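Notes follow the structure.
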Amino acid sequence: MFKDERFRTAVAAVLAESAAKANASTYLHRSVEESLARMTQAVSEANHDRIWAHPAYRQVAQGMIAIGLPTVTDSGAMANALRDPLRFAVAIWSMGLALTPGGLTYSRFHGLIQLIGQGSRTLTYALFGYLRFVGYIEPAPGGGDRRERRFRPTPLLRAAFRGHIAKGLKAVGPLDPVAGRLGERMAREDLVYDEMIRRFSDGMLSGALVERKSVGNVLKVLNTRRSGTAMVWTLIEAAPGDETWPSTKPFPIRLAELARRSAVSRPHYMRMLRDGEKHGLLSLDAAGMLRITPALRDEINALVAFNIISFGLIAEFAHDVLDRDEAA
């Protein structure tokens, strides 16, 4: 999905579906067309090349990996969300939905999950129950109209994500000063935080619609599983820091440590490695030496660049709105 030609093809497919666009508009704070037009302009080969050639790219790439993994300083709430892409997304979407006119309700949450193609009622029930169980959402006071109760993000969720997103924006700072400055402001200004959540929620939903239409995204082989995101990042983090990043030279791995960092069992982590081998993304020999193939290296660099561009776009959207509000 993350390369220019694949991204543009998937965007065109989304824009051709008028029903999907109409459904998405009820969950967004701006139109799908507006969101994807600016994304398409930003996700270009020229922008990827500019990012990769920047002297601070390696520093920023390591920052992107760091915010994708739980650390000892993260709250338990953040560690839960970082295990896989869907958990992270639904936490962001719950905050974004709460800021829309229709609010956060079970039926609206289910509609959003259906929209991205994940939508059995069983899964919706499990995800909504997960949000409540870990303390991310709670019933809103007076938040019902006798037909359906409204929910709101808890202070726990807001605090956890406030620090996390601020870290991401500040990590992008060497490449995008606007994003870096908003990261500093977000830690202390509620208006900035709410605007960033609107933009993150919109960006992730638009991205999920594009993801549904994308083909050839080999990273799905690795990260479409429980704690898949964490497992991919721990693997890349373990690669040696050669000039060509991530390195394609063989390096030793400690399976127990990688599994512990990803909060999964060793057999679960090994299954990801074996699946990666089958699809030509990596190789693992009997001595425990692992080699990342050039195909996986290129996908990782494309993903990191896409994440950097996304942070920059979200910051740009928020900055525009905040400037208008402050000038009014």
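Considering Arg181, Arg188, the condition of being closer than 27 Å to Ala56 by Cα and assigned to a loop (DSSP other than H, G, I, E, B) is satisfied by Arg188 alone. Are there any pairs with C-beta distances below 7 angstrom linking a residue in the stretch 258-280 that is closer than 13 Å to Val221 by Cα and in contact (Cβ under 8 Å) with a residue 40 or more places away in the chain to a residue that is outside any helix (DSSP H, G or I) and not acidic (Asp, Glu), with the two at least 6 apart or on different chains, and if so which? Correct list of pairs: Met272/Arg225; Gly276/Leu282; His279/Val218. Mind listing whichever residues of the stretch 247-260 are buried (at least 16 other Cβ atoms within 10 Å of the Cβ) and either at pLDDT below 85 or in contact with a Phe, Trp or Tyr (Cβ under 9 Å, 6 or more places away or on another chain) (or both)? Residues satisfying the conditions are Leu258, Ala259. Among residues of the stretch 225-238 that are part of a loop (DSSP other than H, G, I, E, B), those with a Cβ under 9 angstrom from a residue that is of a type in the set (S, T, N, Q), sequence gap 6+ or separate chain, pair up as Ser227/Ser262.
Of Ile236, Ile197, all but one fail to be buried (at least 18 other Cβ atoms within 10 Å of the Cβ) and within 14 Å of Ile292 (Cα to Cα); the exception is Ile236. Inspect the stretch 123-137 for any residue being within 23 Å of Thr234 (Cβ to Cβ), at pLDDT below 85 and aliphatic (A, V, I, L, M) and give the result as yes or no. Within the stretch 123-137, none of the residues are within 23 Å of Thr234 (Cβ to Cβ), at pLDDT below 85 and aliphatic (A, V, I, L, M). The single condition among (1) surrounded by 21 or more Cβ atoms within 10 Å (Cβ to Cβ); (2) touching a Phe, Trp or Tyr at 6+ places or on another chain (Cβ under 8 Å); (3) within 24 Å of Gly117 (Cβ to Cβ); (4) at pLDDT 80 or above that Leu82 does not meet is (4). Within the stretch 138-162, the residues that satisfy the criterion of being outside any strand (DSSP E or B) and either surrounded by fewer than 17 Cβ atoms within 10 Å (Cβ to Cβ) or modelled with pLDDT of 85 or more (or both) are Asp145, Arg146, Arg147, Glu148, Thr154, Pro155, Leu156, Leu157, Arg158, Ala159.
The values are calculated or read from the model by the stated rules, or taken from the named source; none is laboratory data. Treat the numbers as computed from the prediction; the structure is a model and nothing was measured. A quick note on method: Cβ atoms are made from the backbone with ideal geometry, for glycine too, and the neighbour counts reach across all protein chains shown.
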